[in-house]
Amino acid sequence: MKNYNKTLYALITILVVYTVSFVAFIMYSITNFAFSDFYKRLDLRRNLAAEQLLNGKQVQTDWSLTYLEELNGQQEFIVEFDDKLKIIDNKGFNTALWEKVNKEGETNFKEGNTFYSTKFYQLEDKSYIVGVSAENYFYTHHLRYLQNLLLIALVLGLLFVIVISLLVKRSFIKPITGLINEVKKIGSENLYLRLSEEKYKGVLHKLANTFNRMLNRVETSFETQKNFISNASHELNTPLTSIIGIADLSLSKDRTVDEYKQAMQKIIDAAENLEKKTNALLLLARTGYEKDNKLNFKPVRIDQIIMDAEMTVKAIHERFYIKTDFSMLPDDSMKLKVNGLAPLLQLAISNIVSNACKYSSDHTAYVALGTFEHGILILIRDEGIGIPEQELSYIYDPYFRASNTQHFSGYGIGLPLARNIIKMHDGKLSVTSALGKGTTVRIELPTYTPV
Amino acid sequence: MAYANGQELNLTATEYRLLMLFVQSPQKVFQRSELLDKIWGISFDIGSNVVDVYVNYLRKKIEKVTPIKAIHTVIGMGYVLKIED
């Protein structure tokens, strides 16, 4: 902002300096012109006067000269002087100016507002200076007028520039300062804040809008990161609990070698499960949900992913029951291929399926898979508690939990996470729900097309 | 990984398990319910038509790389793996 002000002031200064020098140049050249023009006119009159005064006759070589307009305060004079330049006879000449007169030729000079034109004449061994003096009306009146006019214009121009720059400051710099202050208030702890777009007009409105949209993206990725941590601890806890539980139980008393072996096998299974999850979560953290991270994408079979996801859900929750409808599978298995990351897609589907089971009294989820012309459709349905209609628009917000979920444990991260993953795969996830009747999650994914 | 005629078949886990089942007991006729039970297990409620779908996927993948028909349908019974001359 400081720099901006500096630039503005520099511009104003340049403008003023330019205008002043422009005015000065005009004044200078017009004055010059006025002087030389006036001297020419004086010279004409002087020559005429010389003829009259010296010869005592009127030589009318040019009639127009006789009728020359009489200049303001026009006065003719003739000075006779000796060879020592001493004045012998003076008619009408201010002797104080004798010094300025060229005694051997012509002179033009100016004393105050009076202009003089003199010439040396030699007549019958006598030396004369004949001259005419007059006021330069053009110089004293018109030029002064022009000078005043230019000064006034200059002052007005300056005022104009000042007013304009103040206006600019108010209408442009002030809102920018406001914008900056608003932006300064937004930090990691209040990323939900947005700029008040309606306060700004024109380009600044667009700027505020762009900034807000950037904030949306920043907030989403920020939330994704936060989600990752919550999700990680949540997902990793389950197998860890079972590892501790199994180890605890087998150490509680002496057991046979076979029992130890069994326990160890269970621990290995749980640990492998844990490993898979950390890998998936790390992958999620590394890729984020942004679209440009598709380098690791590979064509994967969605039917296999769904089956693997269901296996995972069942391994964690023994009571959960999943009914899978694969009756709509296409004849061509190529139509079941999706370009993506299997662990992430599996994570998304297992999250939704376990939600469906969790919020149903019979812990049952219905999963159906079908294909259409350029895509794959997955429907995950339950007959559970449903989502209140007015809360449907918040379900993708991280940590949001519907008002009817108090009796269910959860973190409000499964669905937003799943949606991010589906979005990352250029897919769509939508939810329809009826309170008390159940919820349907619809996932559409584009079919893999070999390049 | 499974190969036929020296070419990779590129099977999914389910298709691979199905193939292994056939390979371990050639000439044996598998009923649909048996395949369903062995591949998906009783905990998987998936509907019996998937057996046909997946046998079909497996068959197509094999036939893509070799001219030999390996998996045959036994009408009214099920499926069998045998190589006929």
> Using the C-alpha gyration tensor of region A:298-446, what are the square roots of 5 times its eigenvalues, in whole angstrom, with the largest one first?
Replying inline: 25, 16, 14
> Relative to the longest principal Cα axis of chain B, at what angle does helix B:49-65 sit, 0 to 90 degrees, rounded to 10?
Replying inline: 10 degrees
> Can you list residues whose amide H is under 5 Å from A:G375's amide H, if they're 5+ apart or on another chain and H is modeled 1.01 Å from N?
Replying inline: A:T447
> Among the listed pairs A:K185/A:K226; A:K298/B:K69; A:K358/B:K38; A:K206/A:K226, which are separated by more than 23 Å between their Cα atoms?
Replying inline: A:K298/B:K69; A:K358/B:K38; A:K206/A:K226
> Which distance in Å, rounded to a whole number, links the C-alpha centroids of region A:232-274 and region B:1-53?
Replying inline: 31 Å
> What area, in nm² and to one decimal, does the C-alpha convex hull of chain A cast on average over all directions?
Replying inline: 46.6 nm²
> When you count, for each residue, the other Cβ atoms within 10 Å and take the mean per peptide, how do A:313-325, B:3-15 rank with the highest first?
Replying inline: A:313-325, B:3-15
> Sorted by mean Cβ packing within 10 Å, highest first, what order do the peptides A:211-221, A:39-49 take?
Replying inline: A:39-49, A:211-221
> So how much slack lies between A:R213 and A:I173, counting 0.36 nm per residue of separation and subtracting their Cα-Cα distance, in nm?
Replying inline: 12.1 nm
> Averaged across the residues of A:324-331, what count of C-beta atoms belonging to other chains lies within 10 Å of each residue's C-beta?
Replying inline: 5
> For the pair B:D52 and A:Q406, what calculated FRET efficiency results from E = 1/(1 + (r/R0)^6), where r is the Cβ-Cβ distance and R0 = 51 Å, to the nearest 0.05?
Replying inline: 0.65
> Using a Förster distance of 41 Å, how high is the FRET efficiency between A:S327 and A:S221, based on the Cβ-Cβ distance and rounded to 0.05?
Replying inline: 0.55
> A:E69 versus A:N5, label points 7 Å from Cα toward the beta carbon: distance in nm?
Replying inline: 5.6 nm
> Of the peptides A:23-32, A:427-436, how do they stack up when ordered by the mean number of other Cβ atoms within 10 Å, highest first?
Replying inline: A:427-436, A:23-32
> Which aspartates and glutamates have a Cα lying under 19 Å from the Cα of A:K437, excluding residues fewer than 8 positions away in the same chain?
Replying inline: A:D362, A:D382, A:E383, A:E389, A:E391
> At what distance in nm do the modelled label points of A:E275 and B:A4 sit from each other, each positioned 7 Å from its Cα along Cα→Cβ?
Replying inline: 3.2 nm
> Want the number for A:F372 to A:E106: 0.36 nm per residue separation, take away the alpha-carbon distance, what's left?
Replying inline: 84.8 nm
> If you take the beta carbon distance between A:F33 and A:K201 as r and set R0 to 41 Å, what does 1/(1 + (r/R0)^6) give as a FRET efficiency, to the nearest 0.05?
Replying inline: 0.20
> Residues of region A:110-154 with amide nitrogen under 20 Å from the 7 Å Cα-to-Cβ point of A:I88?
Replying inline: A:119-131
>> What would the Debye equation give as log₁₀ I(q)/I(0) for region A:84-136 at q = 0.12, 0.20 Å⁻¹, counting only Cα atoms as equal point scatterers?
In response: -0.25, -0.70
> Taking 0.36 nm per residue of separation and subtracting the Cα-Cα distance, what length does fully extending A:Y18 through A:H142 add?
Replying inline: 42.2 nm
> So what's the back-of-envelope 222 nm ellipticity for the protein assembly as shown, counting only DSSP H runs of four-plus at -39500 (n - 2.57) apiece and dividing by all residues, rounded to 500?
Replying inline: -16500 deg cm²/dmol
>> What does the structure give for B:9-15 when I average, per residue, the other chain Cβ atoms found within 10 Å of the residue Cβ?
In response: 4
> Looking only at other chains, what is the average number of their beta-carbon atoms within 10 angstrom of each beta-carbon in A:332-340?
Replying inline: 2
>> Quick check: pseudo-label points 7 Å beyond the Cα along Cα→Cβ at B:E63 and A:L154, how many nm apart are they?
In response: 10.0 nm
> Applying the Karplus parametrisation 6.51 cos²θ - 1.76 cosθ + 1.60 with θ = phi - 60° to the phi angles of region A:361-368, what ³J(HN,Hα) value in whole Hz is obtained for each residue in order, glycine and proline being reported as x?
Replying inline: 5, 8, 6, 10, 10, 10, 10, 10
> For chain A, which DSSP H helices look membrane-span-like by this rule: Cα extent along the axis of 18 Å or more and mean Kyte-Doolittle of at least 0.5?
Replying inline: A:144-168, A:302-316, A:342-358
> Considering region B:3-81, what Rg and Dmax in Å follow from its alpha-carbon atoms?
Replying inline: 12.2, 37
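Every number here is computed from the coordinates shown, using simple stated rules; none is lab data. Everything quoted here is computed from the prediction, not taken from an experiment. All Cβ positions, even for glycine, are placed from backbone atoms using ideal geometry, and neighbour counts span all protein chains on display.
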